Amino acid sequence: MVKNKKLTEEEFLAERKEVLAGWRTGSDPQLDLDKAVAFLKSIPDEKNFAKKLAKAKANGSRTLVQPRAGVALIARHLELLKYLEKAGADFLPSTIDSYTRQNRYAECEKAIVESSTIGRSLLNGFPAVNHGVDGCKSIFNAVNVPLQARHGTPDARLLSEIIHAAGWTSNEGGAISYNLPYAKSVSIEDTIRYWQYCDRLVGYYEEHGVTINREPFGPLTGTLVPPCISNTVGIIEAILAAEQGVKNISVGYGMGGNVIQDIAAIRTLQKQTDEYLNKFGYHDVCVTTVFHQWMGGFPADEAEAMGLIAMSSTIAALSGATKMINKTPHESVGIPTKEANADGIKASKIVTKLLQEQKFPDCKELRDEMAQIEKEVNCLMDAVLKAGDGDVAQGVVKAFELGMLDIPFAPSKFNAGLILPARDNDGAIRILEFGNLALTDEIKEFHRKKISDRAAKEGREVSFQLTIDDVCAVSAEHLVGHQKYDD
């Protein structure tokens, strides 16, 4: 069984030979580690993702803004990124296409050729593996801010090799967050091994004087995920990364919609990630936080969508999140134009600038919500550690197998899928059905009361209909899915 144990350099290099033999770009001489280290050391600090995040945290700067973006062809992708940089993006992404996420590089190649023929992208992202180190480096050299790969790849080993050798100093994902919400039949044990390699690669660079950021994907399924679940997953993935030598980790959270709960979630995420890393002996890790703007259904009206973006930005800034992933006013339509993406950046950035000197004040409601989230996360972490006899990797495999950890609406067959969330009267996300989730009776009673109070106020039964109504509510201009919407 997989264990949370750092790969030796010999183990890592032996596996690396297999990884680089997997596709023709794996033979690129630029993937020589000595050459890659030398190139990465030459990168100015302002283009190093990890260093820019660490500086922002140390200076207490405004919440930084990063979009999502990616198309098939290098020239078009570069045009897109330069447009977004001009719009004010503090970091730039390269969202990776779905074929690459499934390691289907031959099909990617066909789509690139067809895209070139017709002059528009037939892929829903940037095929970094097919473009290789040269292609990815050309993107890096042409922009002036740090680059990150954002994807959804259960096995990102070759992708990670290529992007880092090309100067991209951040890689999003993790063994849980890029498996259970994205894949159906990939085991957690397999993805832990795959992402141990990705993290060990970053650890290797750290050992040779290059710092690289790693970012677990906080929102998971992005649909009514209780903070205790997403925060627990983020902490687990941070521990797994730190064991492999990662020194700069960004843990994330997807906006739920209740202001108090969202701010409490970000603040407890920072606090508890630091605490658990220290508990396991990882004392030299720089932890930053990422707030994802609303991940659910968006209003179709662009002005209303921009209002939701502004609300998301306000919560992110007041929470003190280091970075925010912004959305666009075209979210309800499909892949946004570069102009719509730029509008989302500008709207997000003006809010974070205006709120730069402000933080949400301490109050009883915030303290109570933080205490509740902390209690729930500690309960879930205790169950994971007990299941693994102290080993986080073994524990997380067993915990998901037994349903003690469970992610709502995840498609994976390795996820129990027995829990159901619903909102309380104030719009905070609570748990309606617990399945086998490893929470105490006291915690369960807290959630049951919150939801039963809402049902009583609306004059209806506690049922799955609450969940259905809540999933659809925001796109209908409400946070809580009341049976009868009224103004």
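The values are calculated or read from the model by the stated rules, or taken from the named source; none is laboratory data. Here the structure is a predicted model, which is why all the values come from computation and not from measurement. Glycine also receives a Cβ, built like all others from the backbone with ideal geometry; neighbour counts cover every protein chain displayed. Note: areas computed on protein heavy atoms with side chains; ligands, DNA, RNA excluded. Shrake-Rupley method; radii C 1.70, N 1.55, O 1.52, S 1.80 Å.
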**Asked** K353 fails exactly one of the following numbered conditions: (1) touching a Lys or Arg at 6+ places or on another chain (Cβ under 9 Å); (2) open to solvent by less than 10 Å² (accessible area, probe 1.4 Å); (3) assigned to a helix (DSSP H, G or I); (4) under 26 Å from N213 (Cβ atoms). What is the number of that condition?
**Response** (2)
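Going by the conditions given, is A438 of a type in the set (A, V, I, L, M, F, W, C), in a helix (DSSP H, G or I) and either surrounded by 17 or more Cβ atoms within 10 Å (Cβ to Cβ) or under 26 Å from the mean Cα position of the chain (by Cα) (or both)? Reasoning before the result, please.
Numbers: of a type in the set (A, V, I, L, M, F, W, C): yes; in a helix (DSSP H, G or I): no; either surrounded by 17 or more Cβ atoms within 10 Å (Cβ to Cβ) or under 26 Å from the mean Cα position of the chain (by Cα) (or both): yes.
Judged against the criteria, A438 is not a match.
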**Asked** In segment 390-403, is there at least one residue being surrounded by 19 or more Cβ atoms within 10 Å (Cβ to Cβ), hydrophobic (A, V, I, L, M, F, W, C) and either without any contact (Cβ under 8 Å) to a residue 12 or more places away in the chain or outside any helix (DSSP H, G or I) (or both)?
**Response** no
**Of all residues in segment 266-289 being in contact (Cβ under 8 Å) with a residue 24 or more places away in the chain and not in a helix (DSSP H, G or I), the one that is surrounded by the most Cβ atoms within 10 Å (Cβ to Cβ)** = T289
**Prompt:** Is there a residue in segment 254-265 that is open to solvent by 10 Å² or more (accessible area, probe 1.4 Å) and among the charged types (D, E, K, R)?
**Reply:** no
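If we keep just the residues of segment 290-310 that are free of Cβ contacts under 8 Å to residues at least 60 places away in the same chain and part of a loop (DSSP other than H, G, I, E, B), which is least open to solvent (accessible area, probe 1.4 Å)?
Applying the first criterion (free of Cβ contacts under 8 Å to residues at least 60 places away in the same chain) to segment 290-310 yields 293, 301-303, 305-307, 309-310.
Remaining after also requiring part of a loop (DSSP other than H, G, I, E, B): 293, 301.
Values: Q293: 1, D301: 75 Å².
Residue satisfying both the conditions and the ranking: Q293.
If the requirement is being touching a helix residue (DSSP H, G or I) at 6+ places or on another chain (Cβ under 7 Å) and more than 30 Å from R193 (Cα to Cα), which of these qualifies: R423, R448, R454?
Working: R448 fails: touching a helix residue (DSSP H, G or I) at 6+ places or on another chain (Cβ under 7 Å); R454 fails: touching a helix residue (DSSP H, G or I) at 6+ places or on another chain (Cβ under 7 Å).
Of the residues listed, the single one that is touching a helix residue (DSSP H, G or I) at 6+ places or on another chain (Cβ under 7 Å) and more than 30 Å from R193 (Cα to Cα) is R423.
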**Request:** Being in contact (Cβ under 8 Å) with a residue 40 or more places away in the chain and part of a helix (DSSP H, G or I) is the filter here, so list the residues in segment 356-377 that pass it.
**Result:** E365, L366, E369, M370, Q372, I373, E374, K375, E376, V377
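Determine whether L159 is touching a residue at least 12 places away in the same chain (Cβ under 8 Å), farther than 27 Å from T352 by Cβ, of a type in the set (A, V, I, L, M) and crowded, with 21+ Cβ neighbours inside 10 Å. Reasoning before the result, please.
Details: touching a residue at least 12 places away in the same chain (Cβ under 8 Å): yes; farther than 27 Å from T352 by Cβ: yes; of a type in the set (A, V, I, L, M): yes; crowded, with 21+ Cβ neighbours inside 10 Å: yes.
In short, yes.
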